[in-house]
Ligand SMILES: Nc1ncnc2c1ncn2[C@@H]1O[C@H](COP(=O)(O)OP(=O)(O)OP(=O)(O)O)[C@@H](O)[C@H]1O
Ligand SMILES: [Mg+2]
């Protein structure tokens, strides 16, 4: 990696993290370049969501460091951490909308909490953000009245409400029909240019993600397997990456979650009992 | 070995709950600065508990009047019926029964609400928006419950003594002299009885709220976790209220 200093917004170094005995990251290095769209891809359960939560400082790594704009996220007092978070927007995998607030109020929430803007301006900003994700008409609805895909778009509007420096998208394309998928992909790209954002997209929708990103990482088994421009990733020499890109069931990745005993042994046990 | 685990788990729970309470208390000033959030919760926690409190208060008052009348009649002292009802309700049943009902009505709802918010990532979503959930969600609810409990207990006591409770049975039905009913209460019920009653309900309210919010906030993020948090809220807070009542009463008993 040649990128240094100013070009890198988030710098992950030798990150180690485990849930109890189960290691999720086993020493990974990731650089998120400033102003670019970076994809982080990997099979389900590798810890992509976990990585975003670590970057946001919700969880603490056992070793290694994560710097956001030169500041070590995990060495900050709570107040400083909160200041950092105002500059990160995060789109949760399930939207995480506040269910007792309307769509409008959900998008207005971070503005009301942090911006101190007068009501009329808040209204304008919220309507602008909702218009951008195509849901201005749904402003008065409540989260239980909209679909999962719509909820994720509302969450996107909310994530960009404070005009953060970086937005982290956790599986933004899941549950989107082809039209809103296309709109969303373009939107992520446009927002990135127009607002001068840095975007991190976590996804396993390989083609979609590669087509809009400038740089990509493939993570699996607690390691970074490959990284590079989308073209470089597409022509990766790694057997794993090829399997992942092409979606083949056979190869170095196993579809099965790691089991203690063989399938036959498990079944025989049942027969014996 | 297993007993040791249970003991250490219990102690860890107590420690966690204490830290949680300290965090709430630290967030209270900020919650006071946003009275709208507290008022909203006062409605959810207090106003929506009113019906059950009013009805229960009336019935308890009627029962106390019936029971008291029979005993007093033997001594020819039925004119003291008002005091008997008032003492029972103000000193004991008002705070205790209100707290038990409050745990069942408001406490369980609080635990389920917070637990579900946690299970659906709403709390961590807030954290990622640099909003402290303890300050934004937990503290206003705690404060609202703390304010609501003494008010609810007072309403309970008034209902029990008044025209829909003890008064209805004693004066309207059994023919106790109305003037005697009220004047005896006025004469015998001292301000310190009322103060002690308020202290009790403040303590019970804080305890029930603390338990409910803790259970919700530390619930496992699953449907089973939320249901367990709701159940433990009702069970634990009922026991704690009864135990605290014994402790407080023995201090106040003279
Ligand atoms: N709170 C938790 N406690 C224990 N283990 C967890 C917890 N959260 C996640 N895990 C484990 O960590 C691993 C990584 O989870 P994570 O949600 O980060 O995966 P992911 O890469 O985002 O998967 P997906 O693509 O399906 O969203 C999973 O195998 C999961 O079992
Ligand atoms: Mg995930």
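Here are some notes:
- Segment A:108-158 and segment B:110-169 have their alpha-carbon centroids 28 Å apart.
- R0 of 45 Å, Cβ-Cβ distance residue A:145-residue B:55: FRET efficiency to nearest 0.05: 0.85
- Hydrodynamic radius of segment A:166-249 by the Kirkwood approach over all distinct alpha-carbon pairs: 13.6 Å.
- Shielding by partners - mean other protein chain Cβ count within 10 Å, residues of B:225-233: 0
- Kirkwood hydrodynamic radius (C-alpha pairs) into Stokes-Einstein, chain A, 10 °C and 1.306 mPa s, D in µm²/s: 80
- Each residue of segment A:1-136 gets 156 Å³ once the volume of the Cα convex hull is shared out per residue.
- Rounded to 5, percent antiparallel among DSSP beta bridges of the protein assembly as shown: 55
- Relative exposure of B:159, A:128, B:149, judged by other C-beta atoms within 10 Å (fewest first): A:128, B:159, B:149
- Average partner coverage of B:127-137, which counts Cβ from other chains inside 10 Å: 6
- Size descriptors for segment B:208-254: radius of gyration and Dmax over Cα atoms are 13.8, 49 Å.
- Contact order normalised by residue count of segment A:1-141, Cα under 8 Å, 6+ apart, percent: 19
- Mean ellipticity per residue at 222 nm, deg cm²/dmol - from DSSP H runs of n ≥ 4 across the protein assembly as shown, formula -39500 (n - 2.57): -18000 deg cm²/dmol
- The Kirkwood radius of segment B:116-254, taken over pairs of alpha-carbon atoms, gives through the Stokes-Einstein law at 37 °C and 0.692 mPa s a diffusion coefficient of 182 µm² s⁻¹.
- Cα convex hull of segment A:75-134, projected area averaged across orientations, nm²: 5.3
- Binning the C-alpha pair distances of segment B:2-253 at 10 Å intervals from 0 yields a P(r) profile of 8, 27, 30, 19, 11, 5, 1, 0 %, listed from the shortest bin outward.
- Each of A:50, A:38 was scored by other Cβ atoms within 10 Å of its Cβ. Listed from fewest to most, they are A:50, A:38.
- Relative contact order (%) - criterion: Cα under 8 Å, at least six apart; region: chain A: 23
- Rg(Cα)/(2.2 N^0.38 Å) for segment A:131-273, N = residue count: 1.36
- Relative contact order, whole percent, for segment B:2-253 stands at 33, derived from Cα pairs under 8 Å and 6 or more residues apart.
- Average other protein chain Cβ within 10 Å of Cβ, residues A:109-119: 2
- Between segment A:28-58 and segment A:191-251, the alpha-carbon center distance in angstrom: 11
- Exposure proxy order (Cβ contacts within 10 Å, fewest to most) of B:75, B:59, B:204: B:75, B:59, B:204
- Binned Cα-Cα distance frequencies in segment A:71-179 - 5 Å width, integer %: 2, 13, 22, 23, 19, 11, 6, 3, 0
- Stokes-Einstein D in µm²/s, Kirkwood radius over Cα pairs - the protein assembly as shown at 25 °C with 0.890 mPa s viscosity: 91
Rule-based calculations on the coordinates, nothing more; no lab input. Here the structure is a predicted model, which is why all the values come from computation and not from measurement. In this analysis, Cβ positions are derived from the backbone assuming ideal geometry, glycine residues included, and neighbour counts consider all displayed protein chains.
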